[in-house]
Amino acid sequence: MKNKMAMKNKIKLFDPVFGKKEEQAIIKVLKSRFWASGSGSGNVKIFEENFRKFVNAKKCVAVNNGTSALHLALSLMDIKGKEVILPSLSFVSTAHAVIYNGGIPIFADIDPKSLCIDPTSIEEKTTNKTKVILPVHFAGLPCNLDKIQKLCKKHNLRLVEDAAHAAGSTYKNKKIGAHGAACFSFHPVKNLAMPTGGAITLNDKKNVMYGNELKIRRWCGITSRKGATYDISELGWNFYMNEFAAAVGIEQLKKLDFLNKKRRNIAERYFKEIKSDYKMPMDKGCSYHFYWICVNNRKKFMRKMDEQGIETGIHYKPIHTMSMYKNKKTKLIETEKVGENVVSIATHPNLSEKNIDHIISSINKFQNI
Ligand SMILES: Cc1ncc(COP(=O)(O)O)c(C=O)c1O
């Protein structure tokens, strides 16, 4: 039975951290009457430049969400009729973005220790039709980019990172987003939260040339704008970020490293104090967008946690098991196992020490039921 107190003070799985600065930023945009990007106080431009500097990327293009970021980034890679290798343990946007661009998603298995894509499985899935590798930094834990980059070189493939969970994560002391083409989500559940938002960062020479191309595609293909006149040179979408989102994002970005450190400290407590052997590893470069554990009976475990007033989640039901992507040939042993018993646990910095104690003791009580 759920007790009333637990329900009233329910511990949320995701909860944006904001203060007066975000409130003031929103009011300022509201009163400016310039709500779309490209005019007024130019928050979108400022956010783009600040985020570019933060990750130390050569280019940054802000968009309206992480799905659009993936859609646009892959539009640079000419994937029509070609294969893109990605993990199935992800949000469905990772695969949809391949389809939007006429590509064929090929699901590779995960490394059961990190839940990130397994480079050995990538190699097995590579064919002469493969064009792009699309890894996901799962829960903010950086993939093995060295191995993946080596595979790209060996098979002449392009790399696009799904960094939706990884704003502020680092790999080999460089921020995720500084290595190649990376796509971020700033959905309100993410560690850099906006009402909705996303960004693409570009680094290698080929990609950097395409920064302007992306800006054209993000706004309906509009080019050569002079006053009220413009031309359309190609197909584009209405993917631009709005001024409210950017204004909130500017404030969120200022505290991102600090908040990620708090998330890491919470994860460290989970790592040390949760008695299960199968749990998310510690990595000083991880943003810990959430923390994951694997349990025996997920349905029962999640119900027990809910009764304790603790919200948990599932990231993810594997994409290749969804009706749209089902295909008899795809068998991913590790992904399917984890897909049955992985549970996500809150790491947001609104958690109090008491909340964390309660989460840990409840997990230790119920994980083996
Ligand atoms: C791994 C992953 N990729 C892509 C996305 C899409 O981002 P958005 O919701 O901002 O479109 C998400 C969002 O949940 C995600 O978790």
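What to note about this one:
- The trypsin sites (Lys or Arg not before Pro) of the range 107-206 that DSSP puts in a loop, and whose beta carbon has at most 13 other beta carbons within 10 Å, are 113, 129, 172.
- Here is the short version for the chain: 60, 152, 183, 220, 286, 294 have no other Cys C-beta closer than 4.7 Å.
- Between 229, 312, 170, the Gaussian network model of the chain with springs among Cα atoms under 10 angstrom shows the greatest mean-square fluctuation at 229.
- Proximity of backbone amide H atoms, modeled 1.01 Å from N, is registered between residue 221 and 236, 237 at under 5 Å, excluding neighbours fewer than 5 places apart on the same chain.
- Computed from label points 7 Å out along Cα-Cβ, the spacing between residue 206 and residue 21 is 3.8 nm.
- Residue by residue, the range 224-233 carries 3J(HN,Hα) couplings of 6, 6, 10, x, 8, 9, 7, 10, 10, 9 Hz when phi is fed to the Karplus relation 6.51 cos²θ - 1.76 cosθ + 1.60 (θ = phi - 60°); x denotes Gly or Pro.
- Here the Karplus relation 6.51 cos²θ - 1.76 cosθ + 1.60, evaluated at θ = phi - 60°, turns the backbone of the range 179-186 into coupling constants of 8, x, 9, 10, 10, 10, 10, 10 Hz, with x for every Gly and Pro.
- For the range 76-85, Karplus couplings with θ = phi - 60° (6.51, -1.76, 1.60), whole Hz, Gly/Pro x: 7, 9, 6, 9, 4, x, 9, 9, 10, 8
- Cross-linked pairs 262/299; 175/261; 59/154; 20/215; 317/337; 284/337: Cα-Cα separations exceed 21 Å for 262/299; 59/154; 20/215; 284/337.
- The chain, Rg to Rh (Cα coordinates; Rh as Kirkwood inverse mean 1/r): 0.98
- For the chain, relative contact order (Cα pairs under 8 Å, six or more residues apart, normalised by length) works out to 24 percent.
Bear in mind these aren't lab numbers, they're just calculated from the coordinates by the rules spelled out. In this text, all values refer to a predicted model and were calculated from it rather than measured experimentally. Here the Cβ is made from the backbone with ideal geometry for all residues, glycine too, and neighbour counts use every protein chain on show.
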